[in-house]
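The values are calculated or read from the model by the stated rules, or taken from the named source; none is laboratory data. What you are looking at is a predicted structure, and each value in this text was computed from that prediction instead of being measured. All Cβ positions, glycine included, derive from the backbone under ideal geometry; neighbour counts span all protein chains shown.
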Amino acid sequence: MHNHSKIVILGGPGTGKSSVITELKNRGYPCFDEVSREIIQKAQKEGIDQLFLTEPLLFSEKLLEGRINQFKQAQKIEKAVFIDRGIPDVTAYMDFKKEKYPLKFSKANIDYTYDQAFLLPVWPEIYKSDTERYENLEEAFLIEKELIKTYKNLGYHLIEVPKTNVKERTNFILENLKS
C-alpha cells in the first residue's frame, strides 16, 4: 500500500458501510465518516425533515463541499485512508433523482480520484430505515445501479465485498488492497 492511498467504501443506503468503517477504525485505520448524516441532522434541527428531498441541489452542494474537504484531509495522511462514500456519489444520487447540477460536480469527480473503490452491495436482510435514511429497499437497488454506472463511467474498477459479517467484510477489504 503506497502512502496517501484513498480508499472509498461505497454502496446504496443500508449496505453496512458505516459498520465496516467502524471496524476499520477499531483496527487503527484512519477513516472518514459519511458526511451526509451530519448535514441531514443539522437540517432536521432547523426544521427541515429531509433536505435532499426538499432542496436536492443545496444538500448536494453541502455534500460535495464536505466530501472534497475529506479528500483533501485524507491526502495529508501518510497511509491508507478509508472514506465512507465518495465524491462521485453526489452526482450518482442527483442522477438517480433526475436533478440537474452544475458542471463543477462532474469536474470534482475527475479532479479528486480515489485509489480503490469497494462496493458493498444492497443486502435486503440487513437493510433498515432510520431518521436519516428515507429510501426504501427498491430505491436502494436503483441507487446502487446509479452508483455502479457513475463509478464505472469514471474508470473505477469496483471490488464487490461479499455479504458476510462485518469482521469478514473488513478482512476482505484489507486483503484486497493494492500493494
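One table, with the values for the structure above:
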| item | result |
| --- | --- |
| In the stretch 93-107, the residues that are in a helix (DSSP H, G or I) and within 23 Å of Leu142 (Cβ to Cβ) | Tyr93, Met94, Asp95, Phe96, Phe105, Ser106 |
| Any hit, the stretch 45-65, residues being of a type outside the set (Gly, Ala, Ser), surrounded by 14 or more Cβ atoms within 10 Å (Cβ to Cβ), assigned to a loop (DSSP other than H, G, I, E, B) and free of Cβ contacts under 8 Å to residues at least 12 places away in the same chain | yes |
| Number of the exception - Gly86 against (1) touching a helix residue (DSSP H, G or I) at 6+ places or on another chain (Cβ under 7 Å); (2) assigned to a helix (DSSP H, G or I); (3) more than 22 Å from Thr164 (Cβ to Cβ); (4) touching a residue at least 40 places away in the same chain (Cβ under 8 Å) | (2) |
| Filter result (surrounded by 14 or more Cβ atoms within 10 Å (Cβ to Cβ), at pLDDT below 95 and farther than 25 Å from Ser19 by Cβ) within the stretch 66-96 | Met94 |
| In the stretch 36-65, residue nearest to Leu103 (Cα to Cα) [restricted to those that are of a type in the set (A, V, I, L, M, F, W, C) and modelled with pLDDT of 90 or more] | Leu64 |
| Hits in the stretch 168-179 (condition: closer than 17 Å to Ala117 by Cβ and either free of Cβ contacts under 8 Å to residues at least 24 places away in the same chain or in a helix (DSSP H, G or I) (or both)) | Arg169, Thr170, Phe172, Ile173, Leu174, Glu175 |
| Unmet requirement for Ala117, which otherwise passes all of (1) in a strand (DSSP E or B); (2) touching a Lys or Arg at 6+ places or on another chain (Cβ under 9 Å) | (2) |
| Residue match in the stretch 106-125 (condition: among the basic types (Lys, Arg) and closer than 22 Å to Lys42 by Cβ) | no |
| Positions within the stretch 123-167 being among the hydrophobic types (A, V, I, L, M, F, W, C), part of a loop (DSSP other than H, G, I, E, B) and either exposed (fewer than 15 other Cβ atoms within 10 Å of the Cβ) or modelled with pLDDT of 95 or more (or both), in sequence order | Ile126, Leu154, Val161 |
